[in-house]
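In what follows, a structure is listed as structure tokens, so that the remarks can point back to it.
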Amino acid sequence: MQRIMVDEKLARELDHLHDQAELIDVSGQTLGQFVPTRQVLAARQTTPAVIERREREEILLRLVERMKAHSLPANAPRFTRDELHERS
């Protein structure tokens with residue numbers, strides 16, 4: 001993954017974000033997305049196995065709601081598997 005250094009002002013703004021954000025330029029053109037480190041780390045955490053059926057259903061419902069709330073933009077680039085491996 002390439003790294004881009006941001007100035008102190010932008011770093012402070014990004015530090016206050018708790019959810020993903022779309023980065024745009026002054027004309028409103030999408031530049032990309034920002035995912036806070038704490039969100040990435042939270043996604044890596046493992047959770048214990050859920051045995052109760054009701055609890056599992058509630059977890060799945062919350063997951064679907066989060067996926068709907070944080071869906072990819074319609075203009076997000078589409079990559080084949082090979083293209084994704086080339087980008088690594």
Which of the residues that make up segment 40-88 are open to solvent by 90 Å² or more (accessible area, probe 1.4 Å), small (Gly, Ala, Ser) and at pLDDT 75 or above?
-> Ala49, Ala74
Given the structure, is Met1 open to solvent by 100 Å² or more (accessible area, probe 1.4 Å) and at pLDDT 80 or above?
-> no
Number of the exception - Phe34 against (1) modelled with pLDDT of 90 or more; (2) open to solvent by less than 70 Å² (accessible area, probe 1.4 Å) = (1)
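The values are calculated or read from the model by the stated rules, or taken from the named source; none is laboratory data. Just so it is clear, the model here is predicted, and its values are computed rather than measured. The protein model used for the area step is the full one, side chains on, heavy atoms only, and it has no ligands, DNA or RNA in it. Shrake-Rupley method; radii C 1.70, N 1.55, O 1.52, S 1.80 Å.
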